[in-house]
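Read through the structure below, which is laid out as structure tokens, and then see the notes.
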Amino acid sequence: MIEPSKTSFKHAIRISSLDFYYGKKQVLFNVSLDIPENQVTAFIGPSGCGKTTLLRSLNRMNDLIDGARISNGKILIRDYDIHNKSVDVIELRKKVGMVFQKSNPFPKSIYQNISYGLHIQGIKNKRVVDEKVEESLTKAALWEEVKDRLNENAYGLSGGQQQRLCIARTLAVEPEIILMDEPCSSLDPVATGRVEELILGLKEKYTIVIVTHNMQQAGRISDRTAFFYLGNLIEFDQTKKIFLNPSKKQTEDYISGKFG
Amino acid sequence: MNLNKMDSYNPFQSSFSKEKMVEKIAFSVMRSATYFVLFCAAYLFWDIFSKGSNKLFEGDGINWEFLTQKPQTLHVIEANGTTQKLSSEKYYKFKEKKTLEKWEQLTSTLTYIDSLKFLEKNLTLVLSETSISNLEIILENLILVESQSSNRKFEYWISLLSDAELTAKDFEIKESQVFSLVSSFIKSFFSTEGNRFRVLESEIAFFKANYFQEIASPDIEGLNVLRLKYLKFLETHLPKVATRFRDLGKKLHKSKRTFFENPTPQKLTELNSAATNYLNLRKLIFRLNENENSKIWEAISSNLETFNRIVQVEIQSKDFSYSGGGIFPAIVGSILLVVGAMVIAILLGVFCAIFLAEYGKSGRFLSMIRLAILNLSGVPSIIFGLFGFGLFVIFLDWNVSLIAGWFTLAIMVLPIIITASEESLRSIPQGFRESSLALGASKWTMIRTSVLPYAMPGIITSSILGVARVAGETAPIMFTAAYAMRSELPWEGLEHWSDFFFQGVMALPYHIYIVSTKIPQNEYTIDMQYGTALVFLVFIIAVTSLSVILRSRLRKKYRW
């Protein structure tokens, strides 16, 4: 397959009528959603609504969970079905990076955390790795803070710095799409601000999908917002429209804090 | 205000309650249980240390002999009014020293110098009888004499047979028994001949077997044939006796020369034995025709005997087997057993744990495997010993060997290592696995780079338990790897490198067992037992603390 150039896509990810089960329990019902390129898309909704499950399906992280399966529907990334047998899940995850809710750097030095992804791809050249480390840390707005202590343990960093390190680690392997699972849930407002700033900066080059509980955050950083409730996609539209003029009653109730 | 009075108004005065009572009792039970355990541990250590240090710190400082030597017999001697304990090696050195002292005293006397001169002169004189020209004559004489004497014997037996009636009367037997009488005479004749000519022993036995029929049921004709055959046999084989005589002469000559160059007690002993050998054969050869040399030989041998008596030093000693020397081979053996078994067990155990923790899908099959592993850890060690004996020693024909011991011990500790390794693999945060995979790692890369390194401290901790158990068990190695006594160290006397794996070794716990149960008990063996136990304890403590240090280092390196 000849890889089409990046610009030829309007939609980075297309999800069509997806049904998802954990064992016998269905958690996603007929979800269809097109995620546009180079924009920030936010998934919101109360706990247990399936937004994280959907996010983890996008780079097949759910493969790790016993009994997780898609019974119906497709996920296309760059117009290619990611559950096709010919898809190497390793290659998929290189293109679709992920940042987790809990910042989880490896208990190694800051430098080693960034170079990890390069090493497992077989890039060993010291100069190349050095450049990549600096580039990724700069993109993640962390370089100035850590450039003098690259060889210190990553667990010496503050929570916000750790999360930005995780983002830098993801950037180092040069993904095209970045999935973020509540990246700011355990951060204080100042750290959250830095991460949000970073996300807005990254938007130009990457397609970002973010799951968040914080509706102000969704409002601040996302271009489009999808609202999920009990495994159903209730509404998906421009963020402004969702927040100012939702077309569904449930969305309005949720936004205005009547439940959830 | 009065304090007592204040008490009586105390609003917080404690009141009796059942709950408090129960707590008090429970507390005292818990406390005494803890103290009891402490007491037992302290007593054990105190006992082993106090008794074991007798052996380990004998003399000044550490008793290196105990740590670096092989087990030996202990010789307890009375010297200068004190009791001394000497292991075989030292005992023989001590004996040698005493002999030398006595020898030096002897060599300074005039009588010695005279005797020495006499010996040297006469030995040179009489040894000329083995010169080549003489040898021909000696051989001729020998053949003549032996033929004559054998001939006479045969004639006598033939005469016995030819007049059987008279023979029966003379020997007071029935006439029918005469044949078997003669037969027994001939048989004993050949036995004596074999004894006399040690060099010809096998040839004579062969001759006897060849003519078995003639000897077992002799008749006159048969005996005549046998006589001729035997005379022929003597003619062909007696030169060998002569050659032997010449060789012994040469040997005596050589020991004489080395002795007179530099007389020492050891060389004297050699000279004496060379002379004795020579004289024995000489007596046989010259038994009928005494010559003038025989007189001189008598003088020489009596002279040598006197000397020998003087240098023989007897030291009275009480001997205790296994109680002297050291336990070096057992230390080496134990280390080899532990290292080999742990390498095998950790390799197998970690791979098994990875499979169970990372690859195995949870289900009935997996929980059955877990249950089996758990049950395996409860099997008594003697059963593992029997299992190893049956499988490795007998079926695979590895004999009692290091490799059989390794596998038996490895299988014994596997459950501990698998269970604990799986535990520590599972304790690694799921986040490490997920982020590694999300960065494009394959499953194996993820395990290798983001799980195993962080699980290592836990795996090492579990191995500590394993090391202590492997080093300490006696039963599994009793049938599979341990020898009660082996004087060579494992790297000594190997014909091929692979023999290293197929040799038995000594081991500390088995050695303790042997010296405690298999030899007569006395104060000296008790020292040995406790000394070995102490070394063993120190060995275990050393291994354990090494692992603890290693673990804490790794923990510091990988903290999260």
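The values are calculated or read from the model by the stated rules, or taken from the named source; none is laboratory data. It should be emphasised that the depicted structure is a prediction, and the values quoted were computed from it without experimental measurement. Here the Cβ positions follow ideal geometry from the backbone for every residue, glycine too, while neighbour counts run over all protein chains shown. Accessible surface is based on the protein model in full, side chains and every heavy atom, while ligands, DNA and RNA are left aside. Shrake-Rupley method; radii C 1.70, N 1.55, O 1.52, S 1.80 Å.
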Query raised in the report: Checking B:Tyr530 against (1) modelled with pLDDT under 85; (2) at negative phi, which test does it fail?
Result: (1)
**Report entry** A:Lys258 open to solvent by 10 Å² or more (accessible area, probe 1.4 Å) and within 29 Å of A:Lys139 (Cα to Cα)
**Finding:** no
Query raised in the report: Are there any pairs with C-beta distances below 7 angstrom linking a residue in the range A:138-163 that is aromatic (Phe, Trp, Tyr) to a residue that is open to solvent by 30 Å² or more (accessible area, probe 1.4 Å) and part of a helix (DSSP H, G or I), with the two at least 6 apart or on different chains, and if so which?
Result: A:Trp143/A:Glu134
Report task. Among what's in the range B:464-496 and is at pLDDT 80 or above, open to solvent by 10 Å² or more (accessible area, probe 1.4 Å) and in a helix (DSSP H, G or I), pick the residue that is farthest from B:Trp398 (Cα to Cα). Result -> B:Ala468
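Residue-by-condition table, conditions (1) under 20 Å from A:Gly48 (Cα atoms); (2) surrounded by fewer than 23 Cβ atoms within 10 Å (Cβ to Cβ):
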residue	(1), (2)
A:Ala191	no, yes
A:Glu196	no, yes
A:Leu200	no, yes
A:Lys203	no, yes
A:Ile208	no, no
A:Val211	yes, no
A:Gly219	no, yes
A:Asp223	no, yes
Report task. For the range B:156-177, indicate whether the set of residues that are within 25 Å of B:Leu238 (Cα to Cα), open to solvent by less than 20 Å² (accessible area, probe 1.4 Å) and not hydrophobic (A, V, I, L, M, F, W, C) is non-empty. Result -> no
Report summary line: If we keep only residues of the range A:90-115 that are farther than 19 Å from A:Trp143 by Cα, part of a helix (DSSP H, G or I) and open to solvent by less than 20 Å² (accessible area, probe 1.4 Å), then the residue nearest to the other protein chains (Cβ to nearest Cβ) is A:Arg93
Report summary line: Those helices (runs of 4 or more DSSP H) completely within the range B:208-299 that have 1 or more residues that are among the hydroxyl-bearing types (Ser, Thr, Tyr) and open to solvent by less than 40 Å² (accessible area, probe 1.4 Å) are B:220-261, B:265-285
Query raised in the report: Given (1) more than 17 Å from A:Leu202 (Cβ to Cβ); (2) more than 9 Å from chain B (Cβ to nearest Cβ), where does A:Trp143 come up short, assuming only one miss?
Result: (1)
Query raised in the report: Does A:Asp181 meet the test of being of a type outside the set (A, V, I, L, M, F, W, C), within 14 Å of chain B (Cβ to nearest Cβ) and crowded, with 16+ Cβ neighbours inside 10 Å?
Result: yes
Query - Breaking point among (1) farther than 16 Å from B:Ala475 by Cα; (2) open to solvent by 60 Å² or more (accessible area, probe 1.4 Å), for B:Phe387 - result: (1)
**Report entry** Filter result for the condition that a residue is open to solvent by less than 60 Å² (accessible area, probe 1.4 Å), within 30 Å of B:Leu452 (Cβ to Cβ) and assigned to a helix (DSSP H, G or I), over B:Ile346, B:Ile310, B:Ile331
**Finding:** B:Ile346
Query raised in the report: How many residues does the range A:152-175 contain that are within 13 Å of another protein chain (Cβ to nearest Cβ) and in a loop (DSSP other than H, G, I, E, B)?
Result: 5
**Report entry** Residue count for the range B:167-222, restricted to those that are touching a Lys or Arg at 6+ places or on another chain (Cβ under 9 Å), β-branched (Val, Ile, Thr) and farther than 27 Å from B:Ile143 by Cα
**Finding:** 0
Query - Residue count for the range A:195-229, restricted to those that are part of a strand (DSSP E or B) and of a type outside the set (A, V, I, L, M) - result: 6
Query raised in the report: Any idea which residue in the range B:505-527 is farthest from the other protein chains (Cβ to nearest Cβ), counting only those that are open to solvent by 50 Å² or more (accessible area, probe 1.4 Å) and not aromatic (Phe, Trp, Tyr)?
Result: B:Pro520
Report summary line: Filtering the range A:39-81 down to residues that are in a loop (DSSP other than H, G, I, E, B), open to solvent by less than 40 Å² (accessible area, probe 1.4 Å) and either touching a Pro at 6+ places or on another chain (Cβ under 7 Å) or away from chain B (no Cβ under 14 Å) (or both) yields A:Gly45, A:Pro46, A:Cys49, A:Gly50, A:Arg78
Requested in this report: Starting from residues that are facing another protein chain (nearest Cβ under 7 Å) and among the small types (Gly, Ala, Ser), keep the ones in the range B:429-456 and report whichever is surrounded by the fewest Cβ atoms within 10 Å (Cβ to Cβ).
Outcome: B:Ser442
Query - Residue check, A:Phe29 among the aromatic types (Phe, Trp, Tyr), open to solvent by 20 Å² or more (accessible area, probe 1.4 Å) and at pLDDT below 85 - result: no
Query raised in the report: So which residues in the range A:116-134 are more than 10 Å from chain B (Cβ to nearest Cβ) and either outside any helix (DSSP H, G or I) or within 27 Å of A:Val211 (Cβ to Cβ) (or both), if there are any at all?
Result: A:Gly122, A:Ile123, A:Lys124, A:Asn125
Query raised in the report: Does B:Tyr530 meet the test of being within 14 Å of chain A (Cβ to nearest Cβ) and buried (at least 17 other Cβ atoms within 10 Å of the Cβ)?
Result: no
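Residues checked against (1) open to solvent by 40 Å² or more (accessible area, probe 1.4 Å); (2) out of contact with any Asp or Glu (no Cβ under 9 Å at 6 or more places or on another chain):
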position: B:Tyr92; (1), (2): yes, yes
position: B:Leu100; (1), (2): yes, yes
position: B:Glu104; (1), (2): yes, yes
position: B:Thr109; (1), (2): yes, yes
position: B:Asn122; (1), (2): no, yes
position: B:Glu140; (1), (2): yes, yes
position: B:Ile143; (1), (2): no, no
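Here is a yes/no grid of residues against (1) surrounded by fewer than 18 Cβ atoms within 10 Å (Cβ to Cβ); (2) modelled with pLDDT of 85 or more; (3) not hydrophobic (A, V, I, L, M, F, W, C):
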site	(1), (2), (3)
B:Phe351	yes, yes, no
B:Lys361	yes, no, yes
B:Ser377	yes, no, yes
B:Asp397	yes, no, yes
B:Thr408	no, yes, yes
B:Pro415	no, yes, yes
Query raised in the report: Within the set of pairs 6+ apart or on separate chains, which have a first residue in the range B:374-396 that is assigned to a helix (DSSP H, G or I), a second that is surrounded by fewer than 18 Cβ atoms within 10 Å (Cβ to Cβ), and C-beta atoms under 8 Å apart?
Result: B:Val393/B:Asn399
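Yes/no matrix, rows are residues, columns are (1) open to solvent by 20 Å² or more (accessible area, probe 1.4 Å); (2) touching a helix residue (DSSP H, G or I) at 6+ places or on another chain (Cβ under 9 Å):
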{"position": "B:Ile335", "(1), (2)": "yes, yes"}
{"position": "B:Ala341", "(1), (2)": "no, yes"}
{"position": "B:Phe365", "(1), (2)": "yes, no"}
{"position": "B:Pro380", "(1), (2)": "yes, yes"}
{"position": "B:Leu391", "(1), (2)": "yes, yes"}
